[in-house]
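Working notes for the structure below.
The values are calculated or read from the model by the stated rules, or taken from the named source; none is laboratory data. Keep in mind that what you see is a predicted model, and the values were worked out from it rather than measured. Neighbour counts are summed over all protein chains in view; Cβ atoms, including those assigned to glycine, are modelled from backbone coordinates with ideal geometry. Accessible surface areas use protein heavy atoms only, side chains included; no ligands, DNA or RNA. Shrake-Rupley method; radii C 1.70, N 1.55, O 1.52, S 1.80 Å.
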Amino acid sequence: MGIQTIEITPQLVAEHGLKPDEYQRILQLIGRTPTLTELGIFSAMWNEHCSYKSSRLHLKKLPTSAPWVIQGPGENAGVIDIGDGQACVFKMESHNHPSFIEPYQGAATGVGGILRDVFTMGARPIACLNLLRFGAPDHPKTRHLVSGVVAGIGGYGNSFGVPTVGGSVNFHTRYDGNILVNAMAVGLAKTDEIFYAKATGVGRPIVYLGSKTGRDGIHGATMASASFEANAEDKRPTVQVGDPFSEKLLLEACLEIMARGCVIAIQDMGAAGLTSSAVEMGAKGGLGIDLDLDKVPCREEGMTAYEMMLSESQERMLMVLDPAKEAEAEAIFVKWGLDFAIIGKTTDTKRFVIRHKGQVEVDLPIMELGDEAPIYDRPHVPTPKQPVIEPSSVMPPMSHADALVHLLGTPDLCSKRWVWEQYDHLILGNSVQQPGGDAGVVRIGDGPKGLAMTTDVSQRYCEADPVEGGKQAVAEAWRNITATGALPLALTDNLNFGNPEKPECMGQLVGCLQGIGEAARALDFPIVSGNVSLYNETQGRGILPTPSIGGVGVIADVALSASVAFKKAGQSIILVGTTQGWLGQSIYLRDVCGREEGAPPPVDLLAERRNGDFVRQLILASRVDAVHDLSDGGLAVALAEMAMASRIGAKLVMDLGPAPHGVLFGEDQARYLLTASSEDAGRIVADAAIAGVPAAIIGVTGGDKVELPGQVPVTIEKLASAHEDWLPAFMAGPAA
């Protein structure tokens, strides 16, 4: 072994995020004191970010298979069959802590990392999405963080050349000290040309590809698995620095060597860098890995084995190469101006051996680095049920028309145009629908087939009732995809929670996973990839439980896809679904009435399936012109959004009953607004009745105002002004 120059003390072990009992487990596993580099490797492989030690038991309960699933969780990204010999490859990951510390680079490298996960599988990325959660608008850091994160996402995605077609942005004080930046990427590959991380064959060369290794990002994975204290900014050195232009070159070079048959296995260097990529490749193939760090291309002098193994420098890959293709592969990387270095080989020892400057710095059992990571069945308690809020118990503090204008100008419901206009959502020329609707729609090649994709979660529901909140997150993603006319096929998730060592927080995770699993099964919407981000808390204050859902669906002809905008005046407006006026945890109750309380709306998964399938059939039969699912803000907000998108007004003609604010602003689930010709609307309602789907004609399009029953009509101009002005005005405010 190499010379041990640093004493492994309890303090050093703790600084590496390892608990005393975990360190004892390491000592028993290897039978001696680890070297500093070995300690760093265990720290990287056994933290939450890489090992899922608090969540693995519960993740196993999720549905991950279906006839169209080619690859489920466990690889760089999930893969589904979308027909015609084509596969869709996608995944979502978090870059929360880095983005709080250094918002531009944290968000940028989050995009870069998820793009690598997709093209490592042999897919060409065609779209990006994101889900962002920021602190209260009046918090002194919020404006700075919004500005940096949005610029970072746009700066990387735009330069790399992939459109950002969808996303979600919310604000809440519980994210003041711990924002969420979840990035999703979607790519296309041929079903018979998917590449995996499993190394095969003994004595095959292991090749380092891409950019040089530096000292950026060291301990990034460990930092991502720790709570923040007051000195979060002190961790700035653990944030990686991205170069989208290098990543674009890496993409093209990787796809070229894949097409030439050079690749046996390939893994991107993400969290824990060279360590995790090498260990995962060897362990998945049941092989050993022998690396010589003297051959690793470095951009800084004097880097130690510890630094090289834990660096999270960006735009790097590790590959097991077909020995007969070595010269051909190297020539391709030289052509693209990227580093290509043979740094080791596969062995039959099942050992992970690292050499540096003539010394053996690491000699560990490779299987145990992953397989023997601790698995915790952490204590958890269910979230207490909140009372149902009866609409009659809520006194409207203002007129319904004024409430609608107010809601459209709140941070969560306002237009996010300021955000998505900084993203290139048209590059590659296949974006069919711009951001701002229910889901992004991207044409596949020359068409006519396309993919619909979305990101969703209502974290306030998850806080109040994790099981129902988990169901609703999946159901809303399913609805958003359905509302375009696409068939939802599979989802990816990003489970953002607080400290799992707190039973109430662990209970939120377990409850949300239960709800996600129930909804995914009921809707034939399996989970094929994902990420877990825990310890999202600052000085003991955790975030709202936020299990982000990224969904993907397919539509046979994008020309048939529906959008939220009204198409013409004089059309009938049809409401699909049952309205009870559910105000618990609604935006109306919170932002108009000042009450953040109550049980969230229950999710009837049979109704979701039945209503959604009916709506999709109408879209594909070209019987409806505009479609919008109902979610935050309920019926009135959805109606206003459709009117603003088209600049065509609407008049609501329906009996609102004894609690009209519940009907207008309640957030009952499994609902859609549709428009159809007045001639066909009656037939649609009749067909709905035959299908067991609640549906009613509730209004008509036309004019330049939105008119609610018994209210003074509001001009679209006034609604749009409230909707569009808040975010630009907020971002133009004084610097913190």
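Screening the candidates Val89, Val79, Val181, Val165 for the property of being crowded, with 20+ Cβ neighbours inside 10 Å, over 28 Å from Glu256 (Cα atoms) and in contact (Cβ under 8 Å) with a residue 24 or more places away in the chain yields one hit, Val181. Just one of the listed residues (Leu509, Leu495, Leu487) is touching a residue at least 40 places away in the same chain (Cβ under 8 Å), open to solvent by 10 Å² or more (accessible area, probe 1.4 Å) and in contact with a helix residue (DSSP H, G or I) (Cβ under 9 Å, 6 or more places away or on another chain), namely Leu487. Of the helices (runs of 4 or more DSSP H) lying entirely inside the stretch 56-166, those containing at least 1 residues that are among the basic types (Lys, Arg) are 56-59, 103-119, 142-160. Of the numbered criteria (1) surrounded by fewer than 21 Cβ atoms within 10 Å (Cβ to Cβ); (2) closer than 25 Å to Arg610 by Cβ, the one Val693 fails is (1). Within the stretch 649-671, the residues that satisfy the criterion of being part of a loop (DSSP other than H, G, I, E, B) and either open to solvent by 30 Å² or more (accessible area, probe 1.4 Å) or within 18 Å of Gln711 (Cα to Cα) (or both) are Gly649, Val653, Met654, Asp655, Leu656, Gly657, Pro658, Ala659, Gly666.
Consider Leu310 carefully, then state whether it is at pLDDT below 95 and out of contact with any Pro (no Cβ under 7 Å at 6 or more places or on another chain). Spelling it out, Leu310 is indeed at pLDDT below 95 and out of contact with any Pro (no Cβ under 7 Å at 6 or more places or on another chain). In the stretch 409-430, the condition of being under 15 Å from Asp725 (Cα atoms), open to solvent by 20 Å² or more (accessible area, probe 1.4 Å) and among the basic types (Lys, Arg) is met by at least one residue. The residues on offer are Asp377, Asp402, and the sole one that is outside any loop (DSSP other than H, G, I, E, B) and either open to solvent by 30 Å² or more (accessible area, probe 1.4 Å) or polar (S, T, N, Q) (or both) is Asp402. Looking only at residues in the stretch 22-65 that are aromatic (Phe, Trp, Tyr) and under 25 Å from the mean Cα position of the chain (by Cα), the one that is least open to solvent (accessible area, probe 1.4 Å) is Trp46. Determine if the stretch 713-724 includes at least one residue that is surrounded by 20 or more Cβ atoms within 10 Å (Cβ to Cβ) and assigned to a loop (DSSP other than H, G, I, E, B). No. Annotation note: Cβ proximity below 6 Å between a residue of the stretch 202-222 that is open to solvent by 10 Å² or more (accessible area, probe 1.4 Å) and a residue that is at pLDDT below 80 and in a loop (DSSP other than H, G, I, E, B) (sequence gap 6+ or interchain) occurs for Asp216/Gln240. Cβ-Cβ contacts under 8 Å between residues 6 or more apart (or on different chains), taken from a first residue in the stretch 59-71 that is of a type in the set (Gly, Ala, Ser) to a second residue that is surrounded by 18 or more Cβ atoms within 10 Å (Cβ to Cβ) and part of a loop (DSSP other than H, G, I, E, B), are listed as Ser65/Gly72; Ser65/Pro526; Ala66/Pro526.
The single condition among (1) more than 30 Å from Val118 (Cα to Cα); (2) touching a strand residue (DSSP E or B) at 6+ places or on another chain (Cβ under 6 Å) that Gln11 does not meet is (2).
Scanning the stretch 558-592 for residues that are surrounded by fewer than 24 Cβ atoms within 10 Å (Cβ to Cβ), part of a loop (DSSP other than H, G, I, E, B) and polar (S, T, N, Q) returns Ser561, Thr578, Thr579, Gln580.
Residue count for the stretch 479-511 under the criterion of being touching a Ser or Thr at 6+ places or on another chain (Cβ under 9 Å), under 22 Å from Ala66 (Cα atoms) and not in a strand (DSSP E or B): the result is 5. Inspection of the stretch 285-307 finds a residue satisfying the criterion of being in a helix (DSSP H, G or I), of a type in the set (A, V, I, L, M, F, W, C) and surrounded by 23 or more Cβ atoms within 10 Å (Cβ to Cβ). When the stretch 606-647 is filtered for residues that are touching a residue at least 40 places away in the same chain (Cβ under 8 Å), under 18 Å from Ser572 (Cα atoms) and part of a loop (DSSP other than H, G, I, E, B), the ones remaining, listed by number, are Ser622, Arg623, Val624, Asp625, Leu630, Arg647. Against the definition (open to solvent by 10 Å² or more (accessible area, probe 1.4 Å), modelled with pLDDT of 95 or more, over 22 Å from the mean Cα position of the chain (by Cα) and over 18 Å from Ala77 (Cα atoms)), how does Glu256 come out, yes or no? Yes; evaluated as a whole, the condition is true for this residue.
Would you check if Glu641 is modelled with pLDDT of 95 or more, under 19 Å from Lys567 (Cβ atoms), among the charged types (D, E, K, R) and under 33 Å from the mean Cα position of the chain (by Cα)? It is true that Glu641 is modelled with pLDDT of 95 or more, under 19 Å from Lys567 (Cβ atoms), among the charged types (D, E, K, R) and under 33 Å from the mean Cα position of the chain (by Cα). Just the residues that are part of a loop (DSSP other than H, G, I, E, B), hydrophobic (A, V, I, L, M, F, W, C) and on the phi < 0 side of the Ramachandran plot, please, taken from the stretch 409-456. Across the stretch 409-456, the qualifying residues are Leu413, Cys414, Leu426, Ile427, Ala439, Ile444. Thr142 passes every criterion in (1) open to solvent by 10 Å² or more (accessible area, probe 1.4 Å); (2) among the hydroxyl-bearing types (Ser, Thr, Tyr); (3) more than 13 Å from the chain's Cα centre (by Cα) apart from (1).
Out of all the residues in the stretch 356-374, is one or more buried (at least 16 other Cβ atoms within 10 Å of the Cβ), at pLDDT below 95 and assigned to a loop (DSSP other than H, G, I, E, B)? There is at least one residue in the stretch 356-374 that is buried (at least 16 other Cβ atoms within 10 Å of the Cβ), at pLDDT below 95 and assigned to a loop (DSSP other than H, G, I, E, B). Tell me which residues, restricted to the stretch 594-631, are open to solvent by less than 10 Å² (accessible area, probe 1.4 Å), more than 23 Å from Leu664 (Cα to Cα) and of a type outside the set (Val, Ile, Thr). Selection gives Leu618 alone.
Scanning the stretch 27-76 for residues that are among the basic types (Lys, Arg) and more than 23 Å from Asp493 (Cβ to Cβ) yields a total of 1.
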